[in-house]
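Chemist: Sending over a structure as structure tokens; questions will come in a sec.
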2 protein chains.
Amino acid sequence: MREGDLHALIAAANDRLPKGVMIPPGDDMAQVAVAGGSVLVACDQVIEGRHFVPNTPIELIARKAIARNVSDVAAMAGRPLACLCAATLPSDLPESAVRALTAALQRHAEDFGCPLVGGDTSWHGEPGHPLQLSITILALPHATGRVVRRDQARDGDVIIVSGALGGSFGADGLGHHLRFEPRVRLARELVDHFGDRLGAMIDVSDGLGRDLDRVARASGVAVLVEGDRIPVQGGCTLEQALRDGEDHELAFTLRAEAAEDLPAILAGVPLTIIGRARAAGDLHQVGARVFLAGAWHAMGSMGWEHGPSAGA
Amino acid sequence: MREGDLHALIAAANDRLPKGVMIPPGDDMAQVAVAGGSVLVACDQVIEGRHFVPNTPIELIARKAIARNVSDVAAMAGRPLACLCAATLPSDLPESAVRALTAALQRHAEDFGCPLVGGDTSWHGEPGHPLQLSITILALPHATGRVVRRDQARDGDVIIVSGALGGSFGADGLGHHLRFEPRVRLARELVDHFGDRLGAMIDVSDGLGRDLDRVARASGVAVLVEGDRIPVQGGCTLEQALRDGEDHELAFTLRAEAAEDLPAILAGVPLTIIGRARAAGDLHQVGARVFLAGAWHAMGSMGWEHGPSAGA
């Protein structure tokens, strides 16, 4: 079973959820009503051999585990609140490594504004099992109450991506995916700056192709990208920018009339217009497509599918 | 490294946590301030070969994964709100099993009042890896705002346990640990009934010995248990009742003057007074002890330690 099929299966039960679930499964985070307000929540895991190579420093494993969850908070324009970690450790992990891991998780969680408030640790029965960290993150909505979803792109919206994409894993597996800065500040300033003119947003975790296709399908629109506008990380190909994933930049849409107010750089991060959303109909099918070498290509199959046959 | 040492390591950073963390790591759940209220949060995992035997029906694996988290909610007298699941699946798990697991998680989460609102699924790179579910649960405090902690036992409190203990795993691994009813309603009625006369509470997950010792140490008191008063599950020994764990009954304390108001049964569950808390000092050391066969025995080393050398 592929991850996309599993997501569809989970979302099929969304109409049974109680009213207090304000954003159901399917976005970067769920939103749940609490007292007079609400809380955003999501979880994401990192597994040795899949999300990081075995010789990755403990310090950077901990950082990645937290940072990719903080990136989900950025995608909703939220404010990190707290996190929890369920860890499964190889039985032969030295005590010094367990101590270093715990300290690194605590420090990075603090630095990202979401102190570690709970967790659970298990040890594998036999040595050599992969180290695994599952992080749950809690966040508050932006101070205005606005939560930016992935299903709010509309006909005419311009499509924007932050930073540059591609090659995050690195030749040795020790690349940018271990050190990226989640775009929490950028997302907050986008809401401050554009308010309701900000449409949909997602973080680029599984590749721009796959993630923009998710925005398109959730919103029921066509997303049309001009390949030569995509900002490509130095030393990478356009193909890598579309497929690699784990960039943890933001892709978002702005209402057409807001496009001219877009600064070239916001919160220190370059912003690039790469395409437009169009209403689905006779002319355009729902989904994301990119214009490359004189032809349109479906973007949904580009990128990282977390199925049993997918590699890291 | 043993789990107890790890807990101490984590708790050592508690004084660095911001004010919004109202209950820090160390209790069954953490409590975090949100808008005008607060949310309780915890996570707990089940791993094949450790928390359930390999031939356990998928349906019961899902139930246990959710129910043990709901039991943490009961321990705080909270109201289940929502849950998330990070799953790691063997790459050769049939699609039908993935579907059955998803449906079972959704159904049990709904039944326990904490709808599944998010998650993450990874597949192990190779077949044969253990199936693993890490559940995070969110809860609201009791309607009065009272959150029952484990560190509020005081000199003179009576110690009470619900239900009967021991043998939860069963000879074939398919016992009560897969079917227990988390004591959410009992906990709520205890707060309704006793209010501030309810002292400390914990759910019995790692064995009565170890869990009462946690209450004693968190509260800084001695907990003195009369062995022959402990309610033992039919077919089990007193030793099993003290050590086995995974009963998911509640152990709690009541102020001395409230003891005479204790009903024999509340919310359908029998309640048994098994001992008393005493101030620590020259006479009594901090910690839990049980009187058995004419002598006092330390309870802290009885029960299930989740260290690398512990078996399931």
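Here, each number is a calculation from the coordinates, and none is a lab measurement. Small disclaimer: the values here were computed from a predicted structure and weren't measured. With ideal geometry, Cβ positions are generated from the backbone for all residues, glycine too; neighbour counts draw on all protein chains shown.
Chemist: Regarding the stretch A:1-42, what is the average projected area of its C-alpha convex hull, in nm²? Numbers along the way, then the final one.
Modeler: Working: hull surface 12.4 nm².
Projected area, direction-averaged: 3.1 nm².
Chemist: What does the structure give for B:95-104 when I average, per residue, the other chain Cβ atoms found within 10 Å of the residue Cβ?
Modeler: Average per residue, whole number: 3.
Chemist: Not counting the cut sites, what is the longest span of chain B without trypsin sites (Lys or Arg not before Pro) that DSSP labels loop and that have at most 13 other Cβ atoms within 10 Å?
Modeler: The answer is B:20-178.
Chemist: Taking only the alpha-carbon positions of chain A and ignoring solvent, what does the Debye formula give for the base-10 log of I(q)/I(0) at q = 0.09, 0.14, 0.16 Å⁻¹?
Modeler: Cα-only, vacuum Debye calculation for chain A: -0.44, -1.09, -1.41.
Chemist: For chain A, what's the relative contact order in percent, using C-alpha pairs closer than 8 Å and at least 6 residues apart?
Modeler: The normalised contact order for chain A reaches 21 percent.
Chemist: While we're looking at this one, here's another question. Take the Cβ-Cβ distance between A:ARG229 and A:ASP15 as r, set R0 to 41 Å, and report the resulting FRET efficiency rounded to the nearest 0.05.
Modeler: 0.60
Chemist: Please list, in order along the stretch A:278-287, the HN-Hα scalar couplings obtained from phi with the Karplus expression 6.51 cos²θ - 1.76 cosθ + 1.60 (θ = phi - 60°), rounded to whole Hz, x for Gly and Pro.
Modeler: With coefficients 6.51, -1.76 and 1.60, one gets 10, 4, 6, x, 4, 7, 10, 7, 4, x Hz.
Chemist: Give me the net charge for the shell around A:ALA104: Cβ to Cβ below 10 angstrom, other residues only, Lys and Arg +1, Asp and Glu -1. Before the final figure, lay out the partial values.
Modeler: Values: positive: A:ARG63, A:ARG99, A:ARG107; negative: A:GLU59.
So the environment of A:ALA104 carries a net charge of +2.
Chemist: Let me ask something else. For the protein assembly as shown, divide the Cα radius of gyration by the Kirkwood radius and give the resulting Rg/Rh value with two decimals.
Modeler: That ratio equals 1.00.
Chemist: In nm, what does the list of distances from B:ALA256 to its counterparts in the other copies look like, shortest first, when each label sits 7 Å along Cα to Cβ?
Modeler: 8.0
Chemist: Could you work out the local net charge near B:ALA288, counting Lys and Arg as +1, Asp and Glu as -1, over the other residues with Cβ closer than 10 Å to its Cβ? Can you show the working numbers first?
Modeler: Values: positive: B:ARG210, B:ARG214, B:ARG217, B:ARG289; negative: B:ASP211, B:ASP213.
After counting each charged neighbour, the total is +2.
Chemist: May I pose another question? Can you give me the C-alpha center-to-center distance between the stretch A:185-208 and the stretch B:157-215, rounded to a whole angstrom?
Modeler: Centre-to-centre (Cα) distance: 46 Å.
Chemist: Against the longest alpha carbon principal axis of chain A, how many degrees, from 0 to 90 and to the nearest 10, is the axis of helix A:184-194 turned?
Modeler: Value to nearest ten degrees: 20.
Chemist: Using alpha carbons only, how many degrees (0 to 90, rounded to 10) separate the axis of helix A:95-111 from the longest principal axis of chain A?
Modeler: Here the helix axis deviates by roughly 30 degrees.
Chemist: Placing the label point 7 Å from Cα along the Cα-to-Cβ direction, what are the distances from B:HIS7 to the equivalent spots in the other copies, shortest first, in nm to one decimal?
Modeler: Ordered by distance, the counterparts are at 3.9 nm.
Chemist: Take every residue in peptide A:23-36, count the Cβ atoms of other chains within 10 Å of its Cβ, and give the average of those counts.
Modeler: Working: counts 2, 4, 7, 1, 1, 1, 3, 8, 2, 10, 4, 11, 8, 4.
Mean shielding by partner chains, rounded to a whole number: 5.
Chemist: Once the convex hull of the alpha carbons of the stretch B:197-262 is built, what does its volume come to per residue, in cubic angstrom?
Modeler: Cα-based convex hull of the stretch B:197-262, divided per residue, equals 97 Å³.
Chemist: Search the structure for amide H atoms under 5 Å from the amide H of A:GLY119, placed 1.01 Å from N in the peptide plane, and list their residues when 5 or more places away or on another chain.
Modeler: Here A:CYS85, B:CYS43 satisfy the definition.
Chemist: Continuing with this model, one more query. On a C-alpha basis, how far is the centre of the stretch A:1-73 from the centre of the stretch B:115-148 in Å? Whole number, if you could?
Modeler: 11 Å
Chemist: So in the protein assembly as shown, what percent of DSSP beta bridges are antiparallel if you round to the nearest 5?
Modeler: 75 percent
Chemist: Please report, in whole Å, how far the alpha carbons of the stretch B:60-199 spread along each principal axis, starting with the longest.
Modeler: 55, 35, 23
Chemist: Within a Cβ distance under 11 Å of B:GLU249, other residues only, what is the Lys/Arg minus Asp/Glu net charge? Could you put the intermediate results ahead of the total?
Modeler: Values: positive: B:ARG183; negative: B:GLU181, B:ASP203, B:ASP211, B:GLU246, B:ASP247.
Net of charged neighbours comes to -4.
Chemist: Based on C-alpha coordinates, I'd like the Rg and Dmax of the stretch B:158-298, in Å.
Modeler: Gyration radius and largest Cα-Cα distance of the stretch B:158-298: 14.5, 46 Å.
Chemist: Something else: Rg/Rh for the stretch B:3-140: what does it come to with C-alpha atoms and Rh from Kirkwood?
Modeler: Reported Rg/Rh (Cα atoms, Kirkwood Rh): 1.01.
Chemist: What distance in nm separates the simple spin-label points at B:HIS193 and B:LEU174, each placed 7 Å from Cα in the Cβ direction?
Modeler: Each label point is offset 7 Å from its Cα along the Cβ direction, giving 3.5 nm.
Chemist: Can you sort B:ASP282, A:ASP213, B:ASP72, A:ASP111 so the residue with the fewest Cβ neighbours within 10 Å comes first? Mind showing how you got there, number by number?
Modeler: Values: B:ASP282 5, A:ASP213 24, B:ASP72 27, A:ASP111 13.
Fewest to most other Cβ atoms nearby, the residues stand as B:ASP282, A:ASP111, A:ASP213, B:ASP72.
Chemist: Can I ask one more? For the stretch A:148-190, evaluate the Debye formula with one uniform point scatterer on each Cα (no solvent term) and list log10 I(q)/I(0) at q = 0.29 Å⁻¹, rounded to two decimals.
Modeler: -1.09
Chemist: So what is the relative contact order for the stretch B:3-140, in percent, with contacts set as C-alpha pairs under 8 Å and at least six apart?
Modeler: The normalised contact order for the stretch B:3-140 reaches 31 percent.
Chemist: Additional query: Residue by residue through the stretch A:10-21, what is 3J(HN,Hα) from phi via Karplus (6.51 cos²θ - 1.76 cosθ + 1.60, θ = phi - 60°)? Round to whole Hz and write x for glycine and proline.
Modeler: The phi angles translate into 5, 5, 4, 8, 4, 6, 8, 6, x, 4, x, 7 Hz.
Chemist: Rounded to the nearest 10 degrees, what's the angle between the helix A:208-219 long axis and the longest principal axis of chain A, both from Cα atoms, 0 to 90?
Modeler: Tilt of helix A:208-219: around 60 degrees.
Chemist: Now for a separate question. With the label 7 angstrom out along Cα to Cβ, how close does A:GLU126 come to the same site in each of the other copies, in nm, nearest first?
Modeler: Between copies, matching label points for A:GLU126 lie 0.9 nm apart.
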